[in-house]
1. Against the condition under 30 Å from E36 (Cα atoms), basic (K, R) and at pLDDT 70 or above, how does R93 come out, does it pass?
2. For region 74-90, what are the residues that are over 22 Å from G10 (Cβ atoms) and at pLDDT 75 or above?
3. Give region 4-58 a look and list any residue that's basic (K, R) and in contact (Cβ under 8 Å) with a residue 12 or more places away in the chain, or say none.
4. Search region 13-42 for residues being aliphatic (A, V, I, L, M) and exposed (fewer than 15 other Cβ atoms within 10 Å of the Cβ), and hand back the single one that is farthest from L69 (Cα to Cα).
5. Do we have any residue at all in region 43-60 that's surrounded by 14 or more Cβ atoms within 10 Å (Cβ to Cβ), of a type in the set (V, I, T) and in a loop (DSSP other than H, G, I, E, B)?
6. If Q46 meets every condition in (1) modelled with pLDDT of 85 or more; (2) farther than 21 Å from A11 by Cβ; (3) of a type outside the set (D, E, K, R); (4) over 19 Å from the mean Cα position of the chain (by Cα) apart from one, which number is that one?
7. Restricting the search to region 14-42, which residues are polar (S, T, N, Q) and assigned to a helix (DSSP H, G or I)?
8. Whether any residue in region 73-86 is surrounded by 15 or more Cβ atoms within 10 Å (Cβ to Cβ), outside any helix (DSSP H, G or I) and touching a helix residue (DSSP H, G or I) at 6+ places or on another chain (Cβ under 9 Å) is what I want to check.
Amino acid sequence: MKITSQMTDGALLKLIGERLARQRLTLNLTQGQLAEQAGLGLRTVQRLELGLAATHLWGFVRVCRVLGLVERFDALIPEATTSPITQLKLQGRQRQRATGRKTATVEPQQWTWGE
């Protein structure tokens with residue numbers, strides 16, 4: 001099944017868990033072996049594979065490291081690129097803050113009857 005933005009969070013976590021389980025089986029690892037190599041408890045690995053959200057992100061990263069999936073994070077969260085114009089404006093510095101959206105301030109007008 002393809003991951004789409006229309007999926008619920010629960011369905012997405014379940015699908016990720018199933019994919020982790022398939023990758024573990026491809027590498028011929030038991031849940032216990034994976035847990036040991038990742039430095040996690042067996043129950044944590046089981047919960048990840050079931051798609052239960054009560055696990056920590058660091059546990060997910062450790063499991064992905066053991067399964068050889070860390071390099072694929074680059075596709076998940078690509079490095080942000082800066083336009084050439086912005087690069088010229090920054091003059092080699094790194095951007096530190098977002099400017100935020102500026103809202104136009106509209107002065108309230110006094111309403112009068114019959115104008």
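1. Numbers: under 30 Å from E36 (Cα atoms): no; basic (K, R): yes; at pLDDT 70 or above: yes.
Criteria not met by R93.
2. Applying the first criterion (over 22 Å from G10 (Cβ atoms)) to region 74-90 yields 74-75, 78-90.
Within region 74-90, D74, A75, S83, P84, I85, T86, Q87, L88, K89, L90 meet the criteria.
3. If we filter region 4-58 for residues that are basic (K, R), which is where we start, we get 14, 19, 22, 24, 43, 47.
Result: K14, R24.
4. The first filter runs over region 13-42 and keeps only residues aliphatic (A, V, I, L, M), leaving 13, 15-16, 20-21, 25, 27, 29, 34-35, 38, 40, 42.
Adding the requirement that they be exposed (fewer than 15 other Cβ atoms within 10 Å of the Cβ) leaves 25, 27, 42.
Working: L25: 14, L27: 12, L42: 19 Å.
Among them, the one singled out is L42.
5. Yes: one or more hits.
6. Evaluating Q46 over (1) modelled with pLDDT of 85 or more; (2) farther than 21 Å from A11 by Cβ; (3) of a type outside the set (D, E, K, R); (4) over 19 Å from the mean Cα position of the chain (by Cα) leaves (2) as the failure.
7. Quick first cut of region 14-42, residues polar (S, T, N, Q) only: 23, 26, 28, 30-31, 33, 37.
Listed by number, the residues that qualify are Q23, T26, Q31, Q33, Q37.
8. Kept after step one, since they are surrounded by 15 or more Cβ atoms within 10 Å (Cβ to Cβ), are these residues of region 73-86: none.
For region 73-86, residues surrounded by 15 or more Cβ atoms within 10 Å (Cβ to Cβ), outside any helix (DSSP H, G or I) and touching a helix residue (DSSP H, G or I) at 6+ places or on another chain (Cβ under 9 Å): absent.
The values are calculated or read from the model by the stated rules, or taken from the named source; none is laboratory data. Quick caveat, the model's predicted, so the values are computed rather than measured. Please note: Cβ atoms are built from the backbone with ideal geometry, for glycine as well, and neighbour counts cover all protein chains shown.
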